[in-house]
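The values are calculated or read from the model by the stated rules, or taken from the named source; none is laboratory data. Note that the structure is a prediction, hence the values are computed from the model and not measured. Neighbour counts are summed over all protein chains in view; Cβ atoms, including those assigned to glycine, are modelled from backbone coordinates with ideal geometry. These accessible areas exclude ligands, DNA and RNA; they are computed on the full protein's heavy atoms, side chains included. Shrake-Rupley method; radii C 1.70, N 1.55, O 1.52, S 1.80 Å.
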Amino acid sequence: MFNKKLTTILLCTLIIASNLVFSQTIVKASGTTAVGWKQIGGTWYYLNSNGAMETGWIQSGSKWYFLNSDGAMATSWIQSGGAWYYLNSSGEMATGWIQSGGKWYFLNSGGAMATGWIQVGGAWYYLNSSGEMASNTTVDGSTLGSDGTIQDDKPTSVSLNKTADVLTVGGTDTLISSVLPAALINQSVTWTSSNTAIATVDSTGDVSAVSAGTATIIVTTIDGSKTASCTVSVTNPVTTVSLNKTTDVLTVGGTDTLIAGILPTTATNQAVTWTSSNTAIVSVDNTGKVTAISAGNAVITAITADGKENVTCNVTAFNPGPGHMLISNSLVNFTANYEGYSANSYVGLDSQNYTIGYGHVILSGENYTNLTKPQAWDLLKQDLQNTGNNVRSFTSDINLSQQQFDALVDLSYNCGVNGLQNSTLLKDIKAGASIDILKNDFLMWVYCNGTPLINLYQRRTDEWQMYTSGNYTRDYPVAPNGYS
């Protein structure tokens, strides 16, 4: 009877215990829910304040534990979140050095197994990819003893991330040193420059380019005095390239030489290359010498060696017709004096056309907004020669002197070629009229919008003096009453 009762009690207990574990809660004989650590069948479990069985990482007291998916407390090696951890026989997560299977491992303060080089207590150790401490071998040039520590404490070499570098003045770069063995306690280095006037270097390897030239940056280990170097070439780049003229007029077969100006004058490479937009019209050699091949227009371009800067000159080539004449430099000076220079465009006296430089009327398709004096001067010369070509086209039957030709060109430049071609002045010149008649003819061109202007009177009078006596001076003659 007794044995049957005992057997029945044990069976009930096992059934109840089995159900309790399956439901992840344990109820005491008193009917209350069990919490905290409980050992069932020789395995430890942890029940939270609700009596529910925990899984994963838990902290109990100051110790960390890991509970498997069935709630059982883990021991020995486990892998969690891609890292390996070691739990001792009490289930506590280990940190620091441990020995397992005759091998030494190091677990960081978070319990994760370390790999690679580590420093512990002032000494360096190497742990392979399995976490095992290396000993009696050489790693990265370092000799490891039986206790895993480095036996040599001097660098064997130092290297730089680059052995040559090119900087522009004002530029910077950072050199990075690598000291071997990689696990040396003292990897300190010093930096020096062979020429601080060319390039300087600070204590972190930052290099600054000071001026054009070459300097050697040297890194030296404090222990062992191992060195490595980098040759730094500093260039002074071209910032501006200009030409002695931006427009040019040549007769076919004629030549001229363009001169490129480079800034700064201390630029390292001041070479330029020359190109022509149409070599069938105008060619250019490697010295900037321009040759007019046939009638037309071409653009000559000077390009710096680095290709970053360029400047152009518009060249007009023409075939001289019968009795062709060139304008004189005296005429250019005379016209410039009367026209005056304006860097920016403005509305001309006719209130219709915009003008810039020395009286250049901006034509449709031209994009002149600002001109320097040299640019305006070149443009004036081109405009005057173009005007002269037109004048000569209808005066080729007249034997004009240089001064006479120049006077008619200035009049046409100021008042228009068509006006001169159909004027009484031209008819009287062809008829051989007297000087006084010609003066009156010149003075017919003093009106602007119906009003006689002093400035135009002075200019016509000076053109007449140029025509008759070769006087190119601006004399400011006094105008009669009635001029504004």
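Quick look at the values:
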{"item": "Span from the region 228-267 Cα centroid across to the region 445-484 one, whole angstrom", "result": "44"}
{"item": "Only Lys, Arg (+1) and Asp, Glu (-1) charged, at Cβ; the chain dipole about Cα centre in debye", "result": "1720"}
{"item": "Under 17 Å from the Cα of residue 38 - lysines, other chains or at least 8 residues apart", "result": "28, 63"}
{"item": "Counted charge near residue 445, where neighbours are those whose Cβ lies closer than 10 Å (Asp, Glu -1; Lys, Arg +1)", "result": "0"}
{"item": "Radius 10 Å from Cβ of residue 360, net charge of other residues (Lys, Arg +1; Asp, Glu -1)", "result": "-3"}
{"item": "Helix axis angle, 373-393 relative to the chain longest principal axis, alpha carbon, degrees", "result": "40"}
{"item": "Taking the convex hull of Cα positions in region 315-384, its mean projected area over all directions (nm²)", "result": "5.7"}
{"item": "Cβ-derived FRET efficiency at R0 25 Å, residue 174 paired with residue 269, nearest 0.05", "result": "0.45"}
{"item": "Length gained when the stretch residue 431-residue 366 is fully extended (0.36 nm per residue, less Cα-Cα span)", "result": "19.4 nm"}
{"item": "Debye log10 I(q)/I(0) at q = 0.11, 0.19 Å⁻¹ for region 375-484, Cα point scatterers", "result": "-0.34, -1.02"}
{"item": "FRET efficiency estimate (nearest 0.05) - Cβ-Cβ, residue 117 to residue 162, R0 30 angstrom", "result": "0.75"}
{"item": "Shape box of region 130-193 [Cα atoms, principal axes, largest first, Å]", "result": "54, 25, 14"}
{"item": "Nitroxide proxy distance, nm - points 7 Å out along Cα→Cβ at residue 135 and residue 109", "result": "2.7"}
{"item": "Rg ratio (alpha-carbon, reference 2.2 N^0.38 Å) - region 82-227", "result": "1.44"}
{"item": "Gain on full stretching of the segment that runs from residue 57 to residue 43 - 0.36 nm per residue minus C-alpha separation", "result": "3.4 nm"}
{"item": "Antiparallel bridge percentage (DSSP; both residues within the chain; nearest 5)", "result": "90"}
{"item": "For region 106-111, 3J(HN,Hα) per residue [Karplus equation, 6.51 cos²θ - 1.76 cosθ + 1.60, θ = phi - 60°, Hz, x = Gly/Pro]", "result": "10, 10, 6, 4, x, x"}
{"item": "Net lengthening on full extension, residue 50/residue 280 (0.36 nm per residue, minus Cα-Cα)", "result": "73.0 nm"}
{"item": "Placed amide H near residue 471: partners under 5 Å, 5+ positions off or other chain", "result": "466"}
{"item": "Proportion of all alpha-carbon pairs of region 200-246 beyond 13 Å (%)", "result": "68"}
{"item": "C-alpha long axis of helix 454-469 to longest principal axis of the chain, angle in °", "result": "60"}
{"item": "Region 161-317 - convex hull of the alpha-carbon atoms, volume per residue in Å³", "result": "105"}
{"item": "Estimated inter-spin distance, residue 100 and residue 453, nm [label 7 Å along Cα→Cβ]", "result": "10.1"}
{"item": "Taking all pairs of distinct alpha-carbon atoms in the chain, Kirkwood radius in angstrom", "result": "33.2"}
{"item": "Within the accessible area of the chain (1.4 Å probe), percent carbon and sulfur", "result": "50"}
{"item": "Ordering of 209-219, 391-401 by burial proxy (mean other Cβ atoms within 10 Å per residue, highest first)", "result": "209-219, 391-401"}
{"item": "For region 280-417: accessible area per residue (Å², 1.4 Å)", "result": "46"}
{"item": "Burial ranking of peptide ranges 447-460, 228-241 (average Cβ count within 10 Å, highest at the top)", "result": "228-241, 447-460"}
{"item": "Cα long-axis angle, helix 402-415 against the chain (0 to 90 degrees, to the nearest 10)", "result": "60"}
{"item": "Integer Hz, Karplus 6.51/-1.76/1.60 couplings in order for region 169-180, x for Gly and Pro", "result": "3, x, x, 9, 7, 10, 8, 10, 9, 10, 9, 10"}
{"item": "Rg/Rh (Cα only; Kirkwood hydrodynamic radius) as it applies to region 225-284", "result": "1.29"}
{"item": "Vicinal HN-Hα couplings computed from phi for region 277-293 (Karplus, 6.51 cos²θ - 1.76 cosθ + 1.60; Hz; Gly/Pro x)", "result": "6, 8, 6, 6, 9, 9, 10, 9, 9, 6, 9, x, 6, 9, 10, 7, 9"}
{"item": "Sum of -39500 (n - 2.57) over DSSP H runs of 4+, divided by residues of the chain (222 nm, nearest 500)", "result": "-7000 deg cm²/dmol"}
